[in-house]
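The values are calculated or read from the model by the stated rules, or taken from the named source; none is laboratory data. All values reported here derive from a predicted model rather than from experimental measurement. Cβ sites come from the backbone with ideal geometry, for glycine too, and all protein chains shown count toward neighbours. These area figures cover heavy atoms from the full protein model, side chains too; ligands, DNA and RNA do not enter into them. Shrake-Rupley method; radii C 1.70, N 1.55, O 1.52, S 1.80 Å.
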Amino acid sequence: MREFLDRWQVGFYLAAIVFGLLVTFPSLEWAVEPMLALLIFVTFMAVPLSQVSIPPKFLVTLLAVNFIAVPIVVWLITRPIADAPELLVPAALVLLAPCVDYVIVFCTLAGGAREKLLAATPILLLVQMLALPVLVPLISGGRVQLEIAPFLRAFLLLIVIPLILAAFLQRKDKIASLADDSMVPIMVITLFVVVSAYSRGVTENLESLARVILTYAAFVVVMLLVGLGSAWVAKLPYREAIAVIFSGVTRNSLVVLPIALVLPSAVIEPAVVVVTQTLVELIAMVVMVKLVPKMVQKIAID
């Protein structure tokens, strides 16, 4: 069963998204945060936390891509929507935040160094929680000031508590095995819950969302090239190069949802703009799983 789920997991994820688009349950909004916490918990359970180390060059490249290159790229590609704050602010919020959950899954499918990327997850989330209250107002032209409280709450509920539980429960072999086996089903349920809760807003505002969809697509293409170039400059090994590229492209749409929910609402709800990014990104991930390894083979050390 485990092999079957692993082999067809991308198909299951796409099916969950399509099903969520077709079957809308706005009342499921309450379940988004608990499902995210559970997903991140099983993600932490997947790798022995006490045995993982992060090569300094890999970590520096990872941070440079996500917190130096990404803000520059986001500022450039969001200029066409700068006149629409209802699109600009949530788009900047999600694009500035590197993913800490299903990026591990797609990195694994592409043959990347998932254990090193997983070990860097708490660092990535901590830095983005510190950076977003500064970067989002800067890129949005001061149109919104983010409150610190939602960031601290998200960090506590979605990282600190799952990390502590995982570090403790990894010693329990049966629980660790169960968590590993449940990764794909939990991801499927999480994607369905998120998309189903907000998909009505996406379909009802599709015309208005067209510009931000193009922005999200442009981000994928540009950051794919930036990540590839950064891995080449840093002379990263094959698996680490793949991990850096996926981290640069994949955004933290699910984890920033609780923050988007407290943004001022406009014609289009901020959460709808954020979920739209998830839909664009997951389609891109399916392509990248096949494309990125071939691209990295030409520039990686091994």
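Quick look at the values:
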| item | result |
| --- | --- |
| Loop-resident sites, region 217-302, for trypsin sites (Lys or Arg not before Pro), counting at most 14 other Cβ within 10 Å (DSSP) | 235, 298 |
| Within the accessible area of region 64-155 (1.4 Å probe), percent carbon and sulfur | 70 |
| Modelled FRET efficiency - R0 30 Å, residue 261 with residue 22, Cβ distances, 0.05 increments | 0.80 |
| Highest-fluctuation residue, 130, 96, 87 considered, GNM on the chain with Cα pairs under 10 Å | 130 |
| All lysines inside 24 Å of residue 235 as judged from Cα atoms, apart from same-chain residues fewer than 8 positions distant | 57, 116, 290, 294, 298 |
| Residue-averaged 222 nm ellipticity for the chain, from DSSP H runs of 4+ at -39500 (n - 2.57), nearest 500 | -22500 deg cm²/dmol |
| Qualifying trypsin sites (Lys or Arg not before Pro) in region 147-183, DSSP loop, other Cβ atoms within 10 Å at most 15 | 171, 172 |
| Region 41-109 and region 4-36: distance between their alpha carbon centers, rounded to Å | 21 |
| Most fluctuating residue given options 243, 131, 166, as computed from a GNM of the chain linking Cα atoms under 10 Å | 131 |
| Stretchable slack from residue 203 to residue 4, in nm (0.36 nm times residue separation minus alpha-carbon distance) | 68.4 nm |
| Average Cα contact separation per residue, the chain, under 8 Å, 6 or more apart, as relative contact order % | 35 |
| Computed over region 106-167: relative contact order in percent, which uses C-alpha pairs under 8 Å that are six or more apart | 25 |
| Most mobile listed residue (259, 54, 213) in the chain, GNM with C-alpha springs under 10 Å | 54 |
| Net charge contributed by nearby residues that have their C-beta within less than 13 Å of residue 108 (K/R +1, D/E -1) | 0 |
| Of (1) 1.01; (2) 1.13; (3) 0.94, the label for Rg/Rh (Cα atoms, Kirkwood Rh) derived from the coordinates | (3) |
| At least 30 Å along the helix axis (C-alpha) and Kyte average at least 0.0, DSSP helices within the chain | 183-204, 206-234, 270-296 |
| Per-residue SASA entry for residue 232, accessible area with 1.4 Å probe, Å² rounded to 10 | 150 |
| Heavy-atom accessible area ranking, 1.4 Å probe, most first, across 3, 29 | 3, 29 |
